[in-house]
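Taking it in order: structure first as structure tokens, then the write-up.
Computed from the coordinates by the stated procedures, all read-outs in this text should not be read as laboratory data. The structure displayed is predicted, hence computed values, not measured ones. Cβ placement follows ideal geometry from the backbone for every residue including glycine, while neighbour counts extend to all protein chains displayed.
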Amino acid sequence: YFIKDAPDTVDHIIRTILRVTNANVASILVVDDTESARLALTEILRVQNYRIHEASCGEEALAVLEANDNIPLVITDFHMPDIDGQELTRRIRAAYPPEQVRIIGISSSTDPYLSAALLKAGASDFIYRPFIVEEVKCRVAGNIETLSQMRRLQYMAERDFLTGMYNRRAFFDRAQPLLAQLQERSGHASLAILDIDHFKKVNDGYGHDVGDQVIQIVAKVVLKVLGRCKGLSARLGGEEFVLLLSDMSSDEAIAVCEEVRQSIAEAAIPHNQTRLRVTASIGVAVVQFAEGLDNNLNAADQMLYMAKEQGRNRVCA
Ligand code: GH3
Ligand code: MG
Ligand code: MG
Ligand code: MG
């Protein structure tokens, strides 16, 4: 939820998509209380180039998942002492959504209801032993592929392609719970809206591509300055950005915005032999928790209007 995690370039998006879609380097956690059973599976998977983690019980499996933040697939035995495969599946599901971890159940039991029990608990697939090696390979690859596609779509749905920042929808989805949490612990926050000054002139005078480049540079400045604070930022659309600054006083929020404004004014955008300069205006308002996000954004927007009225290249609060 914090800006620290946000990428600062489009390259980052491409790298992330490559990383999450590169099934060959995926990690798999194999959970079985019987060593020989684990071995039978890991031998097949190692040949397929997967990175393998092993666990001999449910508790160990949960610990391995917690210690490694990118294991997209768990293959778990059904019959295990203490926590069985169904209970483990439930616990994994309680902690990780299906777009983060997929689960394949496996069992040598002839009970035909086992697969349904596991699927209901949140597994995405089931294999009966003795298994056909080729089928195991296909199910594993299929599950990892599905997860990669889910992540890729999710990433693309919440990011703005030009800047790599969160888009408007992602901002609303994330700001609302963040504000609810803040309100619960009596925290403070400010909302700021930033709009590039006379941006039409940039487009008209230098072309749309240069305009795009200006938007990218402004996004980079916002992400860099905000990387140090708690909060959330997004490209609302066009040449407009929103900053939600949490856990700071109104004065601190204004100071952060002032730094953003100054950094933009100082940034030089190389263009032919010259360097292009742009400025931005920022409106800031203290979040009123009794009001909805829309009303709070309107309040910041009114301050932005004032900043424009007073001559642009300034922060109004
Ligand atoms: P003001 O100082 O009052 O904000 O003046 P302005 O020229 O910036 O006014 P306005 O906000 O109306 O202009 C925004 C322009 O941004 C209009 C639109 O063509 C352009 N624009 C919107 N999205 C993009 C984009 O993704 N790339 C580029 N290059 N231009 C965009
Ligand atoms: Mg067993
Ligand atoms: Mg605008
Ligand atoms: Mg503008």
- Per-residue [θ]222 nm for the chain (sum of -39500 (n - 2.57) over DSSP H runs n ≥ 4, rounded to 500): -16000 deg cm²/dmol
- Item | Sites A180 and A67 - FRET efficiency at Förster radius 30 Å, r taken between beta-carbons, to 0.05 | 0.50
- What are the lysines whose alpha-carbon lies under 20 Å from the alpha-carbon of K308, with same-chain residues fewer than 8 places away excluded? K200, K201
- Message: What is the ratio of the Cα radius of gyration of the stretch 245-294 to 2.2 N^0.38 Å, with N the residue count, to two decimals?
- Response: 1.59
- Note on the structure: Projected onto the charge dipole of the chain (unit charges on the beta-carbon of Lys, Arg, Asp and Glu, signs +1, +1, -1, -1), the Cα from V222, S148, P97 with the largest positive-side position is that of V222
- Query: For the chain, which span is the longest to avoid every loop-located (per DSSP) member of GluC sites (Glu not before Pro) having at most 15 other Cβ atoms inside 10 Å?
  - Reply: 100-290
- Query: Looking at the stretch 237-317, which trypsin sites (Lys or Arg not before Pro) are in a loop (DSSP not H, G, I, E or B) and have at most 15 other Cβ atoms within 10 Å?
  - Reply: R312
- Message: Can you tell me the orientation of helix 133-158 relative to the chain, as the angle in degrees between its alpha-carbon axis and the longest Cα principal axis, to the nearest 10?
- Response: 20 degrees
- Based on alpha-carbon positions alone, could you give the equivalent ellipsoid semi-axes of the stretch 82-141 from the gyration tensor, as √(5λ), descending, whole Å? 19, 15, 8
- Where both partners of a DSSP beta bridge lie in the chain, what percent of those bridges are antiparallel, to the nearest 5? 55 percent
- Counting other Cβ atoms within 10 Å of each Cβ, which chymotrypsin sites (Phe, Trp or Tyr not before Pro) in the stretch 225-317 have at most 16 and sit in a DSSP loop? F289
- Query: What are the principal axis extents of the Cα atoms in the stretch 160-317, in Å, biggest first?
  - Reply: 53, 32, 25
- Once the chain is represented by equal point scatterers at the alpha-carbon sites, with solvent omitted, what log10 I(q)/I(0) does the Debye formula produce at q = 0.08 Å⁻¹? -0.51
